[in-house]
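Since every read-out is calculated from the coordinates, none of them should be taken as a lab result. Just so it is clear, the structure is predicted and the values come from calculations on it, not from any experiment. Ideal geometry is used to build each Cβ from the backbone, glycine not excepted, and the neighbour counts take in all protein chains shown.
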């Protein structure tokens, strides 16, 4: 059995917001005690107070979470400045939280600390799912994910999203138990009898021919197909500014599956482009583009994938991790992303999620964990 409940408040007062969320959750719990929770919050709340109130009411509950660029739930849909809490109860699934510190200083060490702090020891072999919400402004996400994957049993999906700060790009916060931290790598690991599936879609489509990264010092790309990286872009965009609206698709080997990398700075004199995270040399790439209609349609694609891959009949919860850039590009159409997605999810299934500074999840079931941009990662969990 896995029972999941969600509370969501738009009250701007921290005390009132957490009280409302806890009351909503308690009413749905019907006396059951939650093992774990995921807290998603706007940047301006008093997070220490909120976590303290949660621990007062549910002492010992494992909590992770972070600040966002917008929260999503089955209670209130998409909201810009709100507080959302998802709780998990089970008598067959064990759920524990861990935290790695100093992500940008030593990503490998942070991942090892996060796993060690779970306290499973050799019992980690029963792990079935890892959710993480790392610092959205700290370097080290990709190496930390690779290290996490090496420490978890083969095939365990690592999913989640990087914390945000309402597009201010100043500081983000992560939550662990009663702590508010920065530069952190909080994880929530589910062990035992649990079914997990996921879907990944962006809506971005190839615009250019396929090419190869021939010279880079990641995340700076110097040459694509032995010509300046900026020239490769200009061949297709002309004088149109190179921007995150035209990310590079990075292909996985010889497959047609890709993840996206957005650029945030370029130098026409040197021909180099700075991307927002790692791009491997010799990777096959294509310039991509998307319309708002493409982006919204991809929401349903991601959710359909996750539901189709779910091996049970009754999902207990759905988690949505959507990119902040999607929200920025969609503007007033942002609400459509959740509203269209909700049409595919049964009304009784709790949903929670947020707009992230980078999405996390494999491109296929059992695949290597990837750090995405401008993408929606959907996760479906349950025991039935």
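Using only Cα atoms, what is the ratio of the radius of gyration of the stretch 47-108 to 2.2 N^0.38 Å?
That ratio works out to 1.37.
Label residue 251 and residue 49 with points 7 Å out from Cα along Cα→Cβ: what is the distance between them in nm?
With each label point 7 Å from Cα toward Cβ, the separation is 5.4 nm.
Rank these for me by crowding, 299, 288, going from fewest to most other beta carbons within 10 Å.
Sorted ascending by nearby Cβ count, the order is 288, 299.
With a 10 Å radius around each residue's Cβ, average the other Cβ atoms per peptide and rank 320-328, 210-218, 88-96, highest first.
So the peptides 320-328, 210-218, 88-96, ranked by packing, come out 320-328, 88-96, 210-218.
Given points 7 Å out from each Cα along the Cα-Cβ axis, report the residue 235 to residue 348 separation in nanometres with one decimal.
5.6
Which option, [x] 17.3; [y] 18.5; [z] 19.7, is the value of mean projected area of the Cα convex hull in nm² that was calculated from these coordinates?
This structure yields the entry labelled [x].
How much length is gained on full extension from residue 171 to residue 293, taking 0.36 nm per residue of separation minus their Cα-Cα distance?
Computed gain between residue 171 and residue 293 is 40.8 nm.
Report the extension gain between residue 308 and residue 278 in nm, rounded to one decimal, defined as 0.36 nm multiplied by the number of residues separating them, less their alpha carbon distance.
Fully extending the segment from residue 308 to residue 278 adds 7.7 nm.
Using only the Cα atoms of the stretch 205-289, what semi-axes does the equivalent ellipsoid have when each is the square root of 5 times a gyration tensor eigenvalue? Give whole Å, largest first.
So the equivalent ellipsoid measures 17, 14, 12 Å along its semi-axes.
Using Cα-Cα distances under 8 Å and only pairs 6 or more residues apart, what relative contact order does the stretch 205-289 have, in percent?
RCO, the stretch 205-289: 43 percent.
Rg to Rh for the stretch 1-143: what is it, with Cα atoms only and Rh by Kirkwood?
Here the Rg-to-Rh quotient is 0.97.
Relative to the longest principal Cα axis of the chain, at what angle does helix 292-309 sit, 0 to 90 degrees, rounded to 10?
The answer is roughly 50 degrees.
Going by alpha carbons, how many degrees (0 to 90, nearest 10) lie between the helix axis of 141-151 and the longest principal axis of the chain?
Helix 141-151 and the main axis of the chain meet at about 60 degrees.
Show me 28-38, 194-204, 161-171 ranked by packing, highest mean number of other Cβ atoms within 10 Å first.
Per-residue Cβ counts within 10 Å, averaged per peptide and sorted highest first, yield 194-204, 161-171, 28-38.
First obtain the Kirkwood hydrodynamic radius of the stretch 139-215 from its Cα pairs, then insert it into the Stokes-Einstein equation at 20 °C and 1.002 mPa s, and state the resulting D in µm² per second as a whole number.
Answer, rounded: 131 µm²/s.
Among 250, 57, 303, determine the one that fluctuates most according to a GNM of the chain built with springs between C-alpha atoms less than 10 Å apart.
Between 250, 57, 303, it is 57 that shows the largest mean-square fluctuation.
Just need the relative contact order of the chain here, percent rounded to a whole number, with Cα pairs under 8 Å and 6+ apart.
Over the chain, the number comes to 20 percent.
What is the angle, in °, between the Cα long axis of helix 14-29 and the longest principal axis of the Cα atoms in the chain? Nearest 10 is fine, range 0 to 90.
Tilt of helix 14-29: around 70 degrees.
Going by a ≥ b ≥ c, the root eigenvalues of the Cα gyration tensor, does the stretch 299-384 fall in the rounded group (a/c under 1.5), the prolate group (a/b larger than b/c) or the oblate group?
oblate
May I ask you to list the residues of the stretch 61-87 whose amide nitrogen lies under 11 Å from a point 7 Å from Cα along the Cα→beta-carbon direction of residue 339?
78
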